[in-house]
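Remarks on the structure that follows.
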Amino acid sequence: MRPSARNTRNRDTRSAALGIGALAILGGAAILMQRRTQPKPRPKPRRKLRRSAAIMGASMLVDSAMEHFRGGFHNKAMLAAPVLAAASTLGATARAPHMLPVHATSVAVGAAGLGFHGYNIAKRPGGFNWDNLFYAAPIGAPGGLAVTGLLALASDAHTARHGRMLAGFTALATLAETAEVALLHFRGAWHNPAMYLPVTIPPIAAALLLEQALHPNPKTRGAARGAQRLMAAMGVVGTGFHIYGVSRQMGGWHNWRQNAFDGPPVSAPSSFIALALSGKAALDLMEGAP
Amino acid sequence: MSPRFHAPYPGWDILDKWESPSFNDITRAVLRRRLTEVHARRFFTPAEWLAVQALCDVVMPQNDNPRPVPLADWIDAALHEGRSSGTRHADMPSPRDAWRQGIAALEAEAQARGADGFANLERDAQNAMLRDVDDGKVSTEHWHGLPPQRFFRNLVLAEIVAVYYAHPTGQSEIGYGGPASPRGYVRMQPNRADSWEAPPGDWPDEDTP
Amino acid sequence: MSHAHRPRAIDGQAPDVFSRDDTVPMRQFADTDEVDFAIVGTGCGGGVLAAKLAEAGFSVVAFDAGAFWRPLSDFASDEREQEKLYWLDPRISDGADPLEFGSNNSGRSVGGSSVHFQMVALRFRPEWFAARSRLGYAIDWPVDWREMWRYYDEVERACAISGPLTYPWGPDRGRYPYRAHEVNAAGQVLARGAEALGVDWAPTPLATVSAPRGKSPPCVYRGMCKIGCSTNAKQSVLVTYIPRALDAGAEIRDLAMVTRIATDRQGRATGVEYHRDGQSRFQKARNVVCAGYSIETPRLLLNSANARQPTGLANSSDTVGRYLMVHLNDAIWSVMDDEIRWYKGPPSMACCEHWNYIDDHPDKDFDGGYAFMSQGPLPTDYARTLVTNSGVFGHELRRKMALYNRMAGLKMVGETMPCADNRVTLAEETDAFGVPRAHVTYAHDDNDRRMRRHARAFMAQMLEAAGGRDLLETSSTAHLMGGCRMGADPETSVTDSDGRTWDVPNLWVCDGSLMPTGGGVNPSMTIMANAARIADRIKTLCASGTSERAHG
């Protein structure tokens, strides 16, 4: 074939094809494994929730540390986010009651952070407009810290009723996360077709989970579980995409001090893995696993 | 009269980033030549040369620079190479002729003010004379139709600043970021700088509210 | 200096602009092949036309006097080195208000001035296409605004413009292909000032991508757009339409200076005389298109005079070279309390078109309009502005330059009126090829002066509202428009609305010199949109037999 002089979308379409292929294999394997390993005892919901909180916390730690470093920590309160994310991540490995003050603080600071970020957006010229939503403090990000704290606290859940509540909460958190992804991928002009995946799969997973929360139905629970597994696989593939995304910025990883910040955030997609674990834990609880 | 120069970014040197991603190969090559290839005088005559050096010194006093930028040498080189700006004002001869004519006019003007030449005037008298040139308060017979202000601003001043602020010394002095490719900048907000930019500057009171 | 001294588009290969040293295949034509179109110039006019005509199946050779750069390996972070992008051959500048050329408005590269433009991608206000009949000044374009706005859509998509989701002025323009960039500190000065005065502002639509686009990485905000983008984030003609033209089978001849258009006894163009690599050559062509911009296009036509057309080719109306326009480019600069560091990011990230869209206001004492943008000049550019406008030198100069990181500026792009006496003629002095240099005469009129006064006062008010102190006013002009204007009347224009000259049916003009009026916005998108439109018109004319001429 004659080499082309013009700029083309080949890099995007090829990487999207590769990524979607990888997702199909990984997600398919995850769903199939679920069937096969049915008789074997699953990890307890508590362990899943702790792992979920730890992954979410680690993602928040990296994200808030980097973003607040980018902001020069000009407000000392900006230190609170990575510090608490670190504490909640470590704390998630211990029994929740001992760590209650830590996780509760994470929830409170995350909620307060929403206010700080809202203020940061509002004070820029133009106020609450699209451009400031794109580039000022990310409006929903502190919610991730609150979610971390709540997931860690939820690891004591042990009844089916707890499971329903957790399913509802996880579904709503997934939708919030989807909204943030939609905003940022819109900012990126959906330049890679695969950028539509994290605004497609998570809402489906959230809807199936929400259905279980509102009307527990063992018949469709398998589908809900499969969707959670697919979403977790998407978190893995998404991380790969973001690593590739940084590499194709000017200067690539060699210029990481710019591109790790201006490029796609490498730690972000893993939050979907955390939410998927939480969703599965919720379904486990509803099925009676303590 | 003119206040002493206070450097707002002491210690900032864009050349410290030579090996960093802020520099690419072609920029290193260009700057290496700029820093090392200083040609001996080829265009100006020895007599003109004294005046041109004095002129550069008055326009861009560099007595505080440990490594002064060889301004006169670069002007000489540009004229020797016939570097052009794309514009020739109808009331101006070619840059080479304009410089020769203008330097002769400055010398004649200095002589009318009682010195051997521009280089031999006291610094204050040099400053005053250049201000007069800029204001057109000069004897027209020395200038032979060359517009004094256009010569002074569009050739002398424009060329001197074009050399000085294209040099790492001039760029570092004002806190400019310097070469930036492949790495550009991340922090775009006021009062925020990346770690590969000059740290916050410090200005004397007269420039600060 | 690492200038390209020898042509690079040779032996069936052209530079791959997305690589450091690779090439891509290029179709080549012999001088004796009578190609469908010989296009002189490869910028916003010629580059767009070459791509679209080649894609329509025509045989095309596009000439450029400048070099064919590979930005990744050829463009240094250095103002002095990058002067290689400009047209530095002297033009003689005359008149009451002589113009500056070179880095100010004239490129000399494959891709033309778009290689060093500041990427401001604005549209003409619809009414400007009918300035005489709807606003009462200057002259109407021979094209309807809706048609032009459709072509803005086309070229904005082709250049993946990054622009705001809502644009405060004019009719709805749909969504820009890419999102606007984060407005830098310099742009926020304009924004805060505008909000303090209660007028609208917007992130400037820019021709540099805010997210990856194939082989173009997103902008890294190095701020050196005016000296050439070394990352290919900038969507110049060099990285958009030129590669398209190559793919479609057009030949690009770099470092090829066209000196004359030849004509036959019937007065039809037969091809172009040009110099390349030390040789004098002649390319046969069925059609010749001038796309050298407002100085070189008139210069070429005037230099191509023949016995039948002794005052210059296509010049029976005596309009070639006339009605040359610029934009008022006066600026206000001020010291801010904050460190702005305006060298970061594209130079003009925020804009205000307030006075482009106001007709009846007691304060508005001028015809036409002006926009203004935030500024971010590189060190020598700013220093030159400072000294040529104020004459400052000595320690005072160094002190003023030491405030570089705390400066902010607002600079206007103001419409000037088309005047017959603002014109390009041929000088007696000749260049290295023996072609007479361009002699350009320019003077502002009273309307220009009123607008300049108004804009200076308004921008000063806005800067002060944003907290600026120690204001400095500077005067300048930017851009070139007109010089071979199109029109509905052969007596007062050089070409019809298709860019086809009234006098020579197979001679065309396709660049900024066609513009009958200049508008109050940067012209590149308008030149590109017009070129895209002309390409489609040529396709239509050829499909229906070329004898049919557009009426106005």
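The values are calculated or read from the model by the stated rules, or taken from the named source; none is laboratory data. In this text the structure is predicted, and so the values were computed from the model without any measurement. So basically every Cβ, Gly included, is an ideal-geometry build from the backbone, and we count neighbours across all protein chains shown. Side chains included, ligands, DNA and RNA excluded: accessible areas come from the protein's heavy atoms. Shrake-Rupley method; radii C 1.70, N 1.55, O 1.52, S 1.80 Å.
Please enumerate the residues belonging to segment C:379-388 that are open to solvent by 10 Å² or more (accessible area, probe 1.4 Å) and at the interface with chain B (Cβ under 8 Å from one of its Cβ atoms). Talk me through it step by step, then tell me what you get.
Here is the first cut: in segment C:379-388, the residues open to solvent by 10 Å² or more (accessible area, probe 1.4 Å) are C:381, C:384-385, C:388.
Result: C:R384, C:T388.
For beta carbons closer than 6 Å, sequence separation of 6+ or different chains, a first residue in segment B:61-74 that is more than 15 Å from C:H395 (Cβ to Cβ) and a second that is open to solvent by 70 Å² or more (accessible area, probe 1.4 Å), the qualifying pairs are B:A72/B:Q53. Being in a loop (DSSP other than H, G, I, E, B) and either surrounded by fewer than 23 Cβ atoms within 10 Å (Cβ to Cβ) or modelled with pLDDT of 95 or more (or both) is a property that holds for C:T517.
Out of A:A260, A:A207, A:A213, I need the residue that is at pLDDT 95 or above, away from chain B (no Cβ under 14 Å) and open to solvent by less than 30 Å² (accessible area, probe 1.4 Å). Which one? Can you show your working first?
Working: A:A260 fails: away from chain B (no Cβ under 14 Å); A:A207 fails: open to solvent by less than 30 Å² (accessible area, probe 1.4 Å).
Within the list A:A260, A:A207, A:A213, the selection yields A:A213.
If the condition is being more than 7 Å from every other protein chain (Cβ to nearest Cβ), open to solvent by 10 Å² or more (accessible area, probe 1.4 Å) and over 15 Å from B:D13 (Cβ atoms), then segment B:164-185 contributes no residue at all. The C-beta contact set for segment C:265-281 (first residue of a type in the set (S, T, N, Q), second residue in a strand (DSSP E or B), distance under 8 angstrom, 6+ apart or interchain) comprises C:T270/C:A262; C:T270/C:T263; C:T270/C:K284; C:T270/C:A285; C:S280/C:E273; C:S280/C:Y274. Residue by residue through segment C:230-268, note down the ones that are open to solvent by 20 Å² or more (accessible area, probe 1.4 Å) and more than 7 Å from every other protein chain (Cβ to nearest Cβ). C:A248, C:L255, C:R260, C:T263, C:D264, C:R265, C:Q266, C:R268 - these are the residues of segment C:230-268 that are open to solvent by 20 Å² or more (accessible area, probe 1.4 Å) and more than 7 Å from every other protein chain (Cβ to nearest Cβ). Against the conditions (1) open to solvent by 40 Å² or more (accessible area, probe 1.4 Å); (2) in contact (Cβ under 8 Å) with a residue 12 or more places away in the chain; (3) assigned to a helix (DSSP H, G or I), B:L130 satisfies every one except (1).
Residue by residue through segment C:305-345, note down the ones that are hydroxyl-bearing (S, T, Y) and under 24 Å from the mean Cα position of the chain (by Cα).
Quick first cut of segment C:305-345, residues hydroxyl-bearing (S, T, Y) only: C:311, C:316-317, C:319, C:323, C:334, C:343.
Hits for segment C:305-345 are C:T319, C:Y323, C:Y343.
Within segment C:157-173, the presence of a residue that is buried (at least 17 other Cβ atoms within 10 Å of the Cβ) and free of Cβ contacts under 8 Å to residues at least 24 places away in the same chain is excluded. The residue that is surrounded by the fewest Cβ atoms within 10 Å (Cβ to Cβ), counting only those in segment B:10-41 that are within 12 Å of chain C (Cβ to nearest Cβ) and more than 21 Å from C:Q82 (Cβ to Cβ), is B:P10. Can you pull out every residue in segment A:144-180 that is under 30 Å from C:I161 (Cα atoms) and open to solvent by less than 20 Å² (accessible area, probe 1.4 Å)? The one that is under 30 Å from C:I161 (Cα atoms) and open to solvent by less than 20 Å² (accessible area, probe 1.4 Å): A:T178. The set of residues in segment C:329-362 that are within 14 Å of chain B (Cβ to nearest Cβ), part of a loop (DSSP other than H, G, I, E, B) and among the β-branched types (V, I, T) contains only C:I340. Among the candidates A:G245, A:G238, A:G222, the residue that is open to solvent by 20 Å² or more (accessible area, probe 1.4 Å), small (G, A, S), more than 14 Å from chain B (Cβ to nearest Cβ) and assigned to a helix (DSSP H, G or I) is uniquely A:G222. Of all the criteria given as (1) of a type outside the set (S, T, Y); (2) within 17 Å of C:G46 (Cβ to Cβ); (3) in a strand (DSSP E or B); (4) open to solvent by 20 Å² or more (accessible area, probe 1.4 Å), the one not satisfied by C:L480 is (4).
Touching a Pro at 6+ places or on another chain (Cβ under 9 Å), closer than 30 Å to C:E81 by Cβ and more than 14 Å from chain B (Cβ to nearest Cβ): which single residue out of C:A211, C:A138, C:A186 fits that description? Walk me through it before giving the result.
Numbers: C:A138 fails: closer than 30 Å to C:E81 by Cβ; C:A186 fails: more than 14 Å from chain B (Cβ to nearest Cβ).
After ruling out the rest, the residue left standing is C:A211.
Can you pull out every residue in segment C:76-95 that is facing chain B (nearest Cβ under 7 Å) and closer than 30 Å to B:S172 by Cβ?
So in segment C:76-95, the residues facing chain B (nearest Cβ under 7 Å) come out as C:76-81, C:86-94.
Once the filter is applied, which keeps residues that are facing chain B (nearest Cβ under 7 Å) and closer than 30 Å to B:S172 by Cβ, segment C:76-95 yields C:A76, C:S77, C:D78, C:E79, C:R80, C:E81, C:Y86, C:L88.
Do you know which residues across segment C:347-376 are among the hydroxyl-bearing types (S, T, Y) and open to solvent by 10 Å² or more (accessible area, probe 1.4 Å)?
First pass over segment C:347-376, keeping only residues among the hydroxyl-bearing types (S, T, Y): C:348, C:357, C:370, C:374.
Scanning segment C:347-376 gives a single hit, C:Y357.
Only one of B:A105, B:A110 is crowded, with 20+ Cβ neighbours inside 10 Å, touching a Pro at 6+ places or on another chain (Cβ under 8 Å), modelled with pLDDT of 95 or more and more than 13 Å from every other protein chain (Cβ to nearest Cβ). Can you tell me which?
Details: B:A110 fails: touching a Pro at 6+ places or on another chain (Cβ under 8 Å).
Sole residue among the options that is crowded, with 20+ Cβ neighbours inside 10 Å, touching a Pro at 6+ places or on another chain (Cβ under 8 Å), modelled with pLDDT of 95 or more and more than 13 Å from every other protein chain (Cβ to nearest Cβ): B:A105.
Restricting attention to segment A:166-181, does a residue exist that is in contact with a Pro (Cβ under 9 Å, 6 or more places away or on another chain) and either within 14 Å of another protein chain (Cβ to nearest Cβ) or assigned to a loop (DSSP other than H, G, I, E, B) (or both)?
no
Elements of the type strands (runs of 3 or more DSSP E) sitting completely within segment C:1-81 and holding at least 3 residues that are more than 21 Å from the chain's Cα centre (by Cα): these cover C:13-15, C:23-25, C:35-40. The single condition among (1) touching a Phe, Trp or Tyr at 6+ places or on another chain (Cβ under 9 Å); (2) open to solvent by less than 20 Å² (accessible area, probe 1.4 Å); (3) more than 30 Å from C:A96 (Cβ to Cβ); (4) more than 14 Å from chain C (Cβ to nearest Cβ) that B:V69 does not satisfy is (4).
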